[in-house]
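Reading through the structure tokens given below for one structure.
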Amino acid sequence: MLVAVNFHYIRPYFDAPYPGIFGVTPNQFRQQLETISTMGRFVHQDDIINSIQSTKELSGNNFIITFDDGLSEQYEFALPILDEMGIPVIMYANTENLIHNKISTVHKIHLLLSQIPLNKVCDFIDKKAKENFSKELSAVEKISAVQHYNFDEPQRAHLKYLLNFLLTINEQEMIIEEIFTSYFPNNNQNHIVYFNQNQVKDLMKRGYCGTHSHRHIPLGRYSDAEVKNDIELSIKTLNEISGLNPKSISYPYGSADAITDNVCKIAKQTGLEFGFTMERAGNTNFNNPLALARFDCNDLPSGKFPLFGLDEFIDKINYSSRKY
């Protein structure tokens, strides 16, 4: 069995007027790794690839640690702990951030939510989406939003779903840019810093880096041609930086409607060996390696909202049934 665990932000402090950026401190990260280590062993991406290629399942309970978004704080604060404990990792990067000095829209949203009351942000974005693009959440979509963003309160979940699944990337950027520049007029990266190229080279050399797509978009909402172009551009960029190709992908947003069967097939066609969704489940085999399930770190023991206790997690874990 393979259990994939996903993290994002890791900082010594999360000081902000509002809890817009959620993450773990280095001490919390170390504690959770220590807890997980009592349940099984940690594996490298090469162990997964060898199992896929040999069609031999991994024996026992296996864990892979992953990070999304390619944030330099992951390299600065998480990697030393992982190295000290002898634990492999895969850090997934959006390559647009590596070649353009800009903040991803998704991170602008996080920053806004850390500086502005939630209801004020929601009112602004709801109004702009309806007035400019005639888009608003239906009752069914509000239910889907709460199910997908299960760690968020309903209003925050509705906001994220509207932005990430109803609005196109261009519509989303237009709305967010308007409010973002009023609170962050310099539009700089003082608050969000991504991997630099030397960090990418090091991670790629160690087999610790994968693609999180080029633009951080919900790929399932785009045409096959756009998906293929985005993934191929990301692979090409990582290769130009490091001389190596990534072997796996973490799909942005991770939900079923962001990862269609075609997205998985295209990822395979580009030469990627495996891919992670955010289906909360374990993986008993690698029959569908481009659609592997993965838990948020908060789902596991020592997380903020653990699904099960330490002594029952392995016995009660659900297993992925996704096929493509």
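The values are calculated or read from the model by the stated rules, or taken from the named source; none is laboratory data. In this text the structure is predicted, and so the values were computed from the model without any measurement. Glycine gets a Cβ as well: all are built from the backbone with ideal geometry, and neighbour counts include every protein chain shown.
Annotation note: Cβ proximity below 7 Å between a residue of segment 260-271 that is farther than 12 Å from residue 247 by Cα and a residue that is in a helix (DSSP H, G or I) and not small (Gly, Ala, Ser) (sequence gap 6+ or interchain) occurs for 262/224; 263/219; 263/227; 264/290; 266/224; 266/227; 266/228; 266/231. Taking the conditions (1) among the acidic types (Asp, Glu); (2) over 19 Å from the mean Cα position of the chain (by Cα); (3) under 29 Å from residue 59 (Cα atoms) in turn, residue 273 satisfies each one other than (2). Please identify the pairs in which a residue from segment 295-306 that is of a type in the set (Ser, Thr, Tyr) has its Cβ atom under 7 Å from the Cβ atom of a residue that is assigned to a helix (DSSP H, G or I), counting only partners at least 6 apart or on another chain. Between residues of segment 295-306 that are of a type in the set (Ser, Thr, Tyr) and residues that are assigned to a helix (DSSP H, G or I), the close pairs are 302/31; 302/32; 302/35. For segment 106-143, the set of residues classified as out of contact with any Asp or Glu (no Cβ under 9 Å at 6 or more places or on another chain), in a loop (DSSP other than H, G, I, E, B) and buried (at least 17 other Cβ atoms within 10 Å of the Cβ) consists of 116 only.
Restricted to segment 49-58, and to residues there that are of a type in the set (Val, Ile, Thr) and assigned to a helix (DSSP H, G or I), the residue that is nearest to residue 208 (Cα to Cα) is 49.
Specify the residue that is nearest to residue 162 (Cα to Cα); the eligible residues are those in segment 84-105 that are in a helix (DSSP H, G or I) and in contact (Cβ under 8 Å) with a residue 40 or more places away in the chain.
105
Inside segment 35-48, can you point out the residues that are without any contact (Cβ under 8 Å) to a residue 60 or more places away in the chain and assigned to a helix (DSSP H, G or I)? Hits for segment 35-48 are 37, 47.
Being more than 12 Å from residue 112 (Cβ to Cβ), out of contact with any Leu (no Cβ under 9 Å at 6 or more places or on another chain) and touching a residue at least 60 places away in the same chain (Cβ under 8 Å): is that true of residue 151 here? Walk me through how you get there before you give the answer.
Numbers: more than 12 Å from residue 112 (Cβ to Cβ): yes; out of contact with any Leu (no Cβ under 9 Å at 6 or more places or on another chain): yes; touching a residue at least 60 places away in the same chain (Cβ under 8 Å): yes.
When the stated conditions are applied, residue 151 passes them.
Is it the case that some residue within segment 315-324 is touching a helix residue (DSSP H, G or I) at 6+ places or on another chain (Cβ under 9 Å), modelled with pLDDT under 95, of a type in the set (Val, Ile, Thr) and outside any helix (DSSP H, G or I)? Write out each step before concluding.
Filtering segment 315-324 down to residues touching a helix residue (DSSP H, G or I) at 6+ places or on another chain (Cβ under 9 Å) leaves 320, 322-324.
Within this subset, residues satisfying the condition of being modelled with pLDDT under 95 are 320, 322-324.
Next cut, of a type in the set (Val, Ile, Thr) only: none.
Within segment 315-324 (the criterion being touching a helix residue (DSSP H, G or I) at 6+ places or on another chain (Cβ under 9 Å), modelled with pLDDT under 95, of a type in the set (Val, Ile, Thr) and outside any helix (DSSP H, G or I)), the answer is no, since none of the residues qualifies.
Scanning segment 75-99 for residues that are over 21 Å from residue 36 (Cα atoms) and over 19 Å from the mean Cα position of the chain (by Cα) yields a single hit, 99.
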